[in-house]
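To keep things clear, I will list the structure first and then write my remarks on it.
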Amino acid sequence: MVINGKGGCGKTTVSTNLAVWYAHEGYAPALFDHDPQTSSTRWLQGRPADLPAIHGVSVQERQSLGVTRSWQLRVPPETRRIIDDTPAGLAGLDIADHVQGADIVLIPVLPSSIDIGAGADFIRDLLLKSGIRRDRHGARVGIIANRIKEHTVALQSLERFLQSLRIPVVARLRDTQSYLHAAEQGQGINELRTRSRAVERELRAWRSLVNWLDKESDDPARP
């Protein structure tokens with residue numbers, strides 16, 4: 001579950017790139033698009049057919065005549081990872097409706113005073129009102145510091161905020177045009193043919209993120 005009540009924090013970028021990564025790992029991922037803007041769905045529609053497949057589910061689309069809701073939301077039997085791209089504006093009990101049943105919750109946060117304040121409010125609601133448990137039996141929660149620029153005052157403010165939380169920062173993704181270039185082609189950043197130093201640096205961050213996700217998902221101690 002990729003979620004934050006603040007719009008424009010990069011939920012779709014994280015969701016689509018995570019789906020691409022799992023597609024290359026052979027997990028046959030399904031990408032659920034809960035956003036009324038259907039950004040993930042439009043990205044998926046522009047994805048080249050010769051790239052690893054990602055099953056898309058546009059939750060906001062109206063059901064076709066004669067199609068049940070459960071049939072519309074089905075996933076292929078080979079699917080081993082489901083990524084939920086959630087809409088902006090979630091608060092209070094709406095958060096609980098979305099995170100119910102999630103194994104892992106990822107929260108992208110941008111390095112700006114507005115985003116830090118909104119992120120703090122959202123995390124408070126997530127922990128207090130959504131029913132998320134913070135023990136070994138509950139969903140794992142991780143924060144992604146997104147679109148960061150090194151050696152800036154905004155990043156320093158974000159780092160101070162993140163240090164005040166008892167939630168792990170599982171990735172730090174930089175502000176690079178590579179994500180935009182990939183999205184325009186229906187790709188993830190790891191599918192770009194041109195591998196600049198900036199892209200290679202981002203791929204290291206993604207490897208660390210996926211390692212954390214897989215470690216939590218495959219932990220035999222979990223119920």
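For this structure, a couple of remarks:
- The chain: most fluctuating residue of 20, 210, 105 per GNM, C-alpha cutoff 10 Å: 210
- Estimated dipole of the chain in Debye, rounded to 20 [Cβ of Lys and Arg +1, of Asp and Glu -1, Cα centre]: 380 debye
- Contact order normalised by residue count of region 153-219, Cα under 8 Å, 6+ apart, percent: 32 percent
- Carbon plus sulfur fraction of accessible area for region 134-188, probe 1.4 Å, in percent: 48 percent
- Bins of 5 Å, starting at 0 and running to the largest distance - Cα pair percent for region 1-62: 4, 19, 30, 26, 14, 6, 1
- Given the choices (1) 17.1, 56; (2) 18.4, 64; (3) 18.1, 51, Rg and Dmax of the Cα atoms in Å derived from the coordinates of this structure is entry (1).
- Per residue, the accessible area of the chain comes to 53 Å², computed with a 1.4 Å probe over protein heavy atoms only.
- Stokes-Einstein D (µm²/s) once Rh is taken as the Kirkwood radius of region 74-185 over alpha-carbon pairs, at 20 °C in 1.002 mPa s: 137 µm²/s
- Ordered from largest to smallest accessible area (heavy atoms of protein chains, 1.4 Å probe), the residues 11, 215 come out as 215, 11.
- Cβ charges +1 (Lys, Arg) and -1 (Asp, Glu), total dipole of region 138-210, debye: 220 debye
- For residue 148, neighbours were defined as the other residues whose beta-carbon sits under 15 Å from its Cβ, and their charges (Lys and Arg +1, Asp and Glu -1) total +2.
- Sequence-separation-based contact order of region 83-162, relative, with Cα cut under 8 Å and 6+ spacing, percent: 39 percent
- Rounded to the nearest whole Hz, the Karplus-based 3J(HN,Hα) values (6.51 cos²θ - 1.76 cosθ + 1.60, θ = phi - 60°) of region 149-162 follow the sequence 10, 5, 6, 10, 5, 4, 5, 4, 5, 5, 4, 5, 5, 5, with x at glycine and proline.
- Largest to smallest accessible area among 191, 78 [probe 1.4 Å]: 78, 191
- Here the Gaussian network model covers the chain, with springs between Cα atoms less than 10 Å apart; of 194, 79, 41, 194 fluctuates the most.
- When the chain is treated as a Gaussian network with alpha carbon springs shorter than 10 Å, the biggest mean-square fluctuation among 51, 209, 158 belongs to 51.
- Under the criterion of Cα pairs below 8 Å and six or more residues apart, the relative contact order for the chain equals 23 percent.
- Each residue was assigned an accessible area with a 1.4 Å probe, and for residue 42 the value is about 130 Å².
The values are calculated or read from the model by the stated rules, or taken from the named source; none is laboratory data. Because the structure is a prediction, the values reported are computed rather than measured. Here Cβ is always computed from backbone atoms with ideal geometry, including for glycine, and neighbour counts include all displayed protein chains. Heads up: the accessible areas ignore ligands, DNA and RNA and are worked out on the full protein's heavy atoms, side chains in. Shrake-Rupley method; radii C 1.70, N 1.55, O 1.52, S 1.80 Å.
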